[in-house]
1. Using 7 Å Cα-to-Cβ label points, what is the SER102/GLU286 separation (nm, one decimal)?
2. Among the trypsin sites (Lys or Arg not before Pro) within segment 223-281, which fall in a DSSP loop and have no more than 12 other Cβ atoms within 10 Å of their own Cβ?
3. Using a 10 Å cut-off around each Cβ, can you sort GLU145, GLU162 from fewest to most neighbouring Cβ atoms?
4. What pairs from LYS175/LYS284; LYS195/LYS217; LYS195/LYS284; LYS263/LYS284; LYS135/LYS284; LYS114/LYS249 go past 24 Å between their alpha carbons?
5. Between ARG109 and HIS30, what is the spin-label point distance in nm, taking each point 7 Å from the Cα along the Cα→C-beta axis?
6. So for the pair TYR277, ASP236, with labels modelled 7 Å out along Cα→Cβ, what separation do we get in nm?
7. Go through segment 177-286 and name the chymotrypsin sites (Phe, Trp or Tyr not before Pro) that are in a DSSP coil and have 11 or fewer other Cβ atoms within 10 Å of their Cβ.
8. Could you give the C-alpha radius of gyration of segment 152-286 expressed as a fraction of 2.2 N^0.38 Å, taking N as the number of residues it contains?
Amino acid sequence: MKKIILIILFTSSYGAGFAQTPPFRVRLYHETEPVYFTLEQTSADIEGYDGDEIIVEAVPSPPESIPAAAAGLKQIAVPGNTKEDLNIRPRMQDDNAAMRISIPPGNYRHLLIKVPRTALVFVHILNNYVDGNIKATNVNSIQIEGIVQFVDVSNVTNFVIEVGENWRGMRGNGKVTVSNIRWTDAPVIVNDASKHRTCIIQTNNSDVVLSVADDSKTNIVFSSMYSQTYTNLNTDAINSPESDVREFKRILGGTPLRLQTLKLGGGGVNTIIGSTYGNVFIKKQE
């Protein structure tokens, strides 16, 4: 039976003007239970740590500078929440299959979300603002989808990034950066069941920067349909075999143009990159 828990009120603190109340905390009882976050009008840093709780807190924005055009003018106060009010009001639903945490808009632009290092994290972004970003590091598996301009993922074993597609909204000049991946072809374990592992980056307008070592155990299957792909790896790209073409179509749909494959470290888990207008940069890991 599903349990619906309304989290009443949590505030974060910054300086003497903020209330010193604790962030939202909830225990993750099973390490293979996925955690779904729905975020709206906020950026977020998602960090894995050595613990068994999920911790969410609002991060205060730095002081805003006065626009040059406002010199000599008086600001008109608009009724509403003050900057000191950093309340977050998560809504949580937990059942036998997943934990779901929805965080509606508030008087903040950034969240710090800490999760256990072994967590399987899914992030869905609604109506993200211009220059919004999601950064995820030190977690087991991360999946990010929705409208977000900048994504930075590092030190994970599995990633799925699907951002800025036509039906979700289009943002120019975005970037998806992926680095320091712990490559493995072992299946992903979700609720104690084995799931096929495929790493995915799909975007419309954003550039993609993937950093890998020459001996990484992965096949990079990529198509930058109306843009360019660049690399400094010591491996030549080949025309993708039919098995890679089928895998690309199954996951991303459509008929890919200029589909090619880089086989690294003798091959391994497939990493599929589909970028329509953004350039793709496949670089040596520094």
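1. It works out to 4.2 nm between the two label points.
2. Values: sites: ARG246, LYS249, ARG250, ARG258, LYS263; in loops: ARG258.
Sparse-neighbourhood loop trypsin sites (Lys or Arg not before Pro): none present.
3. Sorted ascending by nearby Cβ count, the order is GLU145, GLU162.
4. Going by Cα-Cα distance, LYS195/LYS284; LYS114/LYS249 fall outside the 24 Å limit.
5. The modelled label-to-label distance comes out at 4.0 nm.
6. In this crude spin-label approximation the distance works out to 3.4 nm.
7. Passing sites in segment 177-286 are TYR226.
8. Details: Rg = 14.0 Å, N = 135, 2.2 N^0.38 = 14.2 Å.
Compactness ratio reported: 0.99.
No lab work stands behind these numbers, since they all come straight from the coordinates. Every value quoted in this text rests on a predicted model; they were computed, and no experiment measured them. Cβ atoms come from the backbone with ideal geometry, glycine included; neighbour counts cover every protein chain shown.
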